[in-house]
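The values are calculated or read from the model by the stated rules, or taken from the named source; none is laboratory data. Every value quoted in this text rests on a predicted model; they were computed, and no experiment measured them. Don't worry about glycine lacking a Cβ; one is built from the backbone with ideal geometry, like all the others, and counts go over all protein chains shown. Accessible surface areas use protein heavy atoms only, side chains included; no ligands, DNA or RNA. Shrake-Rupley method; radii C 1.70, N 1.55, O 1.52, S 1.80 Å.
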Amino acid sequence: MNMALSPANEVSETEFFRRDVIAGLRKEQKTLPCKYLYDKEGSRIFEQICELSDYYLTRTEAGIFRDHLPHMAKLIGPDSVIIEPGAGNCEKVEPLLQALEEPRAYIPMDISPEILLAARTRIRRQLPDLKVEAHVGDFTAPEAWQGVSRQSPGGRRVIFFPGSTIGNFDPEAARQLLADFAAHLSTKDGILIGTDLVKDTVVLERAYNDSEHVTANFNKNLLTRINSELGGDFDLDAFAHRSFYHALKQRVEMHLVSLKPQRVHIAGECFDFAEGETIHTENSHKYTLEGFAEMLREAGFTLVHQWTDGGGLYAIHYAEIR
Ligand SMILES: C[S@@+](CC[C@H](N)C(=O)[O-])C[C@H]1O[C@@H](n2cnc3c(N)ncnc32)[C@H](O)[C@@H]1O
């Protein structure tokens, strides 16, 4: 496996983190980019979230893959190159790679190098003939794609984007990200992408406020990360996790609520919080089948197929550049 480092990583990941944190906390609605939730510890806690019974997304998506992998593999065809932005622990792709007819290469990309490194041994052991080329970097940054070949000498190049990661982007940014993905592909190449669907508020809010408080730990880990990497002095006991469904915007919002008036210092700057003031840390947008098909079309893709579970909780879409 080739661990390619993007120029962004070479400059200074900590400096980008510092700039984004300072800029986000200076806003009227304080905010922090959700990509920073995934340091080593955040990625570990996210894996715990995926195991929670309240968090239906991971197992529902896995069930759809289990039921429809042969159909997906047939649509993708032989000799493919699978590119996975935000690959995480690279677990979801394994059954797909195994179902595909002689896949040529797998290219996982993630902002968290530790998790990609941990996946290396496992994938090598399971698929010794597959070329695996990992890229560490921010998949929204053009630099992260520099080393990713635009040509496939064989079959299709397919972007694999499961886990409802697209839901972390506001609709306009999601449309732009899909258009950017399309620009990295050529005619006949495709995208296999998972989205969470609009559903009952109770089910949604339970998924992001689990009874074991794992999501709360995940959210608060961002403050721990700021404390350790940027010399911040967040008092973790003075903030609480809060998630709720915003029906109009069709998204679950995740916040950290200040439990008292307080001042926090980070990298030589100070930030004042009123009691009840929040830092907005993540959005998880929910889609309808029609709404997401439209978004794919607007981004330059032609929808080929959509699969859902029996309960209509989650969807996987396959679309191509025609
Ligand atoms: C919601 S998890 C999904 C992981 C995996 N694809 C799955 O479906 O289980 C998001 C993953 O994307 C990575 N990630 C989030 N934003 C990223 C970005 N802008 N660039 C690169 N990786 C990112 C995180 O480190 C994390 O591993």
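So which residues in the range 78-93 are in contact with a Gly (Cβ under 9 Å, 6 or more places away or on another chain), open to solvent by 40 Å² or more (accessible area, probe 1.4 Å) and within 13 Å of the ligand (Cβ to nearest atom)? Listed by number, the list holds a single entry, Lys92. For the range 44-52, state whether one or more residues are hydrophobic (A, V, I, L, M, F, W, C), away from the ligand (no atom under 14 Å from the Cβ), open to solvent by less than 20 Å² (accessible area, probe 1.4 Å) and at pLDDT 95 or above. Checked against the condition, which is being hydrophobic (A, V, I, L, M, F, W, C), away from the ligand (no atom under 14 Å from the Cβ), open to solvent by less than 20 Å² (accessible area, probe 1.4 Å) and at pLDDT 95 or above, the range 44-52 yields no hits at all.
Check Ala293, Ala299 and return the single one that is open to solvent by less than 20 Å² (accessible area, probe 1.4 Å), over 22 Å from Cys34 (Cβ atoms), within 21 Å of the chain's Cα centre (by Cα) and not assigned by TED's automatic domain parsing to the domain that holds Pro33.
Of Ala293, Ala299, the one residue that is open to solvent by less than 20 Å² (accessible area, probe 1.4 Å), over 22 Å from Cys34 (Cβ atoms), within 21 Å of the chain's Cα centre (by Cα) and not assigned by TED's automatic domain parsing to the domain that holds Pro33 is Ala293.
When Leu96, Leu75, Leu117, Leu100 are checked against the criterion of being surrounded by fewer than 17 Cβ atoms within 10 Å (Cβ to Cβ), more than 26 Å from Leu204 (Cβ to Cβ) and modelled with pLDDT of 95 or more, Leu75 stands alone in meeting it.
Quick check: anything in the range 267-279 within 21 Å of Asn168 (Cα to Cα) and part of a strand (DSSP E or B)? Yes, there is a match, as at least one residue in the range 267-279 is within 21 Å of Asn168 (Cα to Cα) and part of a strand (DSSP E or B). Taking each residue of the range 122-139 that is open to solvent by less than 100 Å² (accessible area, probe 1.4 Å) and looking for partners that are more than 16 Å from the ligand (Cβ to nearest atom) with beta-carbon atoms closer than 6 Å, six or more apart or interchain, yields Val132/Met1; Glu133/Asn2; Ala134/Met1. The residues listed here are Val252, Val198; of these, the one that is open to solvent by 10 Å² or more (accessible area, probe 1.4 Å), touching a residue at least 12 places away in the same chain (Cβ under 8 Å) and farther than 30 Å from Ser12 by Cα is Val198.
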